[in-house]
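One structure is given here, and the rest of the page talks about it.
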Protein chains: 2
Amino acid sequence: MSQSEKAEAFRALHHGKHLLILPNAWDVPSARIFENAGFPAVATSSAGMMVSLGYRDGEEIGLQEFLSAVRKIARVLTVPMSADLVAGFGTTPEEVATSVKGVIEAGAIGINIEDFTHATGKLHKVEVQVEKIRAIRRKAESMKFPLVINARTDALRYGEGSEEARFSEGIARANKYRDAGADCVYPMGLVDAGSISRFVKQVDHFPVNVMIRKGLPPIEQLQKLGVARVSFGPGASYAAMGLLKRISREIMEKGTYESILGGAITFDELNSLAIPKS
Amino acid sequence: MSQSEKAEAFRALHHGKHLLILPNAWDVPSARIFENAGFPAVATSSAGMMVSLGYRDGEEIGLQEFLSAVRKIARVLTVPMSADLVAGFGTTPEEVATSVKGVIEAGAIGINIEDFTHATGKLHKVEVQVEKIRAIRRKAESMKFPLVINARTDALRYGEGSEEARFSEGIARANKYRDAGADCVYPMGLVDAGSISRFVKQVDHFPVNVMIRKGLPPIEQLQKLGVARVSFGPGASYAAMGLLKRISREIMEKGTYESILGGAITFDELNSLAIPKS
């Protein structure tokens, strides 16, 4: 498949009979493990990838180093790969569009773009975010590339006013991001079944992305609620680091190796994850 | 502690009352998790680190990119950090010594140096390896730096002749590497209690490093056998990738999230691993 065909295949996964389960990787082998497991596409996790490279989540990392990491992962994957572009590594729509060009050239076929600043926890003005999404779509079109745009909003967390006001702000932003050219909306903090159902209805069943976290209904229920895409977020990194803590505790306290050896892969399998699936 | 003091503290851990349990990390957060867990030092795993960066184990990666990854990990650690330098990124003793200079400048206080080529599985001639270790020691001395050299031998795996002949070759190489300036010897493939006991005796209780793998006696027994250092090798990477497989299978087959959410760390904890311990 060409990169454009991968983008179209990825877009279609948001409109299939089954919802898209999208695992987020932090590096090359974690991405390849997910591909081997049979997922039809793989995404990156910004927190997972940034911290792995020694930066806090957000845009502490430089754009070039970020693109280099995206390129490494895209290089080994056969399935479509979507990159979490944080807030776009730029303040103007033009700068963000330039970052997106870099991500496409690095091999990604989709992006996540968010509407707040990690360092401050402040939401960007909706008009500004709409201009960014429009600029991204224009840039992709100028490259004749059918980029899949997942527009994240943190209005449910960082909006103003009551929970109800923030929820309404999330809906309003989702609809505006859709009209600006997004393919999917990703309201961070959407967890319980009632809220998910309400959100999906209020965006007229436009594709909605939810993240796996405590309290999220299981896949079967998400499907019934009309969710189009469920992603891991940084969950695989959280889980891997939790495992390292258990491994450490067992070795230090009991002097045994069950948690490091049980269910582990082999040297040959690890090594095989550095190269594309044959 | 200065970098030299860290090196001396690390050397002393090979001669303490208790054996040194040395976890090998593949990236920044895995290293910081081990530091937080209370290990007195952290090492890198070559396979873990190389594959994470998109290269097979060995020297497919360029020296500068390798050093950049070592620097990132050293930057966030307070405890001593030893780097697995594979076979030294060079064919002559001088080239290897130059690589070692780079690793020290990147913040490492110790190295692993091995006596075979990954790509071919061929052992280097013992005289050549002895010259490399001598050159490394001379280079460290010229920098007035008390580098801790862990000399790995793959004679037990890649030597010639019978198992007994390969074992003898391993002992002979270990003693020569010690005389050339190594602080510890690391016979890859040393697993069962009988062989470990014999090896430790035949190197006159010079520090011996064993790697955690199936069949290795538990810590308490290793201590009695006179082992000075037990390292994870790429075990943490193998275990983390195994966990990702279980997570994937559960979500795809059962649609549930127990293995990704159970025992996971939080966003704040992951983010805190990108910066040094406060």
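Rounded to the nearest 100 Å², what is the buried accessible area between B and A, both sides summed, probe 1.4 Å? Mind showing how you got there, number by number?
Details: alone 13440 and 13440 Å², together 21290 Å².
Between B and A, the summed buried area is about 5600 Å².
Rounded to the nearest percent, how much of the accessible area of the protein assembly as shown (1.4 Å probe, protein heavy atoms only) is carbon and sulfur? C and S fraction of accessible area: 52 percent.
How much accessible area per residue does the range A:31-100 have, in Å², with a 1.4 Å probe? The partial results should precede the final answer.
Working: 1970 Å² over 70 residues.
I get 28 Å² per residue for the range A:31-100.
Please compute, over every Cα-Cα pair in the range A:1-43, the percentage with a separation greater than 18 angstrom. Considering the range A:1-43, 32 percent of its Cα-Cα pairs are separated by more than 18 Å.
Note on the protein assembly as shown: Cα Rg divided by 2.2 N^0.38 Å, N the number of residues, gives 1.03.
Would you mind estimating how fast the range A:24-89 diffuses translationally, via Stokes-Einstein at 10 °C and 1.306 mPa s with the Kirkwood radius over Cα pairs, in µm²/s?
Numbers: Rh = 11.7 Å.
The calculation lands on 136 µm²/s.
By a 1.4 Å probe calculation restricted to protein chains, A:S168 has an accessible surface near 60 Å², given to the nearest 10. Placing a pseudo-label 7 Å from each Cα along the Cα-to-Cβ vector at B:T256 and B:S162 gives an inter-label distance of 5.5 nm.
Three semi-axes describe the equivalent ellipsoid of chain B; taken as square roots of 5 times the Cα gyration tensor eigenvalues and ordered largest first, they are 30, 23, 19 Å. For the protein assembly as shown, adding -39500 (n - 2.57) for each run of n ≥ 4 DSSP H residues and dividing by the number of residues yields -15000 deg cm²/dmol at 222 nm. Inter-chain Cβ neighbour count for B:27-36, averaged per residue, equals 5 (cutoff 10 Å, partner chain atoms only). Rounded to the nearest 10 square angstrom, A:E141 shows an accessible area of 120 square angstrom against a 1.4 Å probe. Averaging Cα coordinates gives a centre for the range A:155-222 and one for the range B:29-99; these two points are 42 Å apart.
Ranking B:D192, B:D179 by solvent-accessible area of protein heavy atoms (1.4 Å probe, all protein chains present), from largest to smallest, gives B:D179, B:D192.
Comparing the full protein assembly with the isolated chain, the residues of the range A:37-57 losing at least 50 square angstrom of accessible surface (1.4 Å probe) are A:V51, A:S52, A:G54, A:R56. Taking a straight line from the alpha carbon of A:K17, these lysines sit under 17 Å away, with near neighbours fewer than eight places off in the same chain left out: A:K224. Its alpha carbons considered, the range B:199-278 gives a radius of gyration followed by a Dmax of 18.8, 56 Å.
What FRET efficiency, computed as 1/(1 + (r/R0)^6) with R0 = 60 Å and r the Cβ-Cβ distance, is obtained for A:E5 and B:K125, rounded to the nearest 0.05? Mind showing how you got there, number by number?
Values: r = 52 Å, r/R0 = 0.86.
Between A:E5 and B:K125 the formula returns 0.70.
Taking the 0 to 90 degree range and rounding to the nearest ten, how far is the long axis of helix B:193-202 tilted relative to the main principal axis of chain B, both from C-alpha atoms? Roughly 40 degrees, rounded to the nearest 10.
Is there a pair in A:K6/A:K144; A:K72/B:K122; A:K101/A:K125; A:K72/B:K72 whose C-alpha atoms are over 20 Å apart, and which pairs would that be? Beyond 20 Å: A:K72/B:K122; A:K101/A:K125.
Relative to the compact-globule estimate of 2.2 N^0.38 Å, the Cα radius of gyration of the range B:153-234 comes out at 1.00. For the range A:55-192, the orientation-averaged shadow of the C-alpha convex hull comes to 8.5 nm² (one quarter of the hull surface). Close amide H pairs (under 5 Å, H built 1.01 Å from N) link B:V185 with B:A151, B:V208, B:N209, residues at least 5 positions away or on another chain. Largest to smallest in accessible area, the residues B:T91, A:T256 fall in the order B:T91, A:T256 (1.4 Å probe, all protein chains included).
Nearest 10 degrees is fine. How inclined is helix B:126-142 to the longest principal axis of chain B, computing both from alpha carbons? Around 70 degrees separate the two axes.
D for the range A:71-116, whole µm²/s, Stokes-Einstein with Kirkwood Rh over alpha-carbon pairs at 4 °C and 1.567 mPa s: what number? If you can, show how the numbers build up before the last one.
Working: Rh = 10.9 Å.
The estimated diffusion coefficient comes to 119 µm²/s.
The values are calculated or read from the model by the stated rules, or taken from the named source; none is laboratory data. Remember, it's a predicted structure, so these values are computed and weren't measured experimentally. When we count neighbours, we look across all protein chains shown, and the Cβ atoms used for this are built from the backbone with ideal geometry, even at glycine. The accessibility values were calculated without ligands, DNA or RNA, using every heavy atom of the protein model including side chains. Shrake-Rupley method; radii C 1.70, N 1.55, O 1.52, S 1.80 Å.
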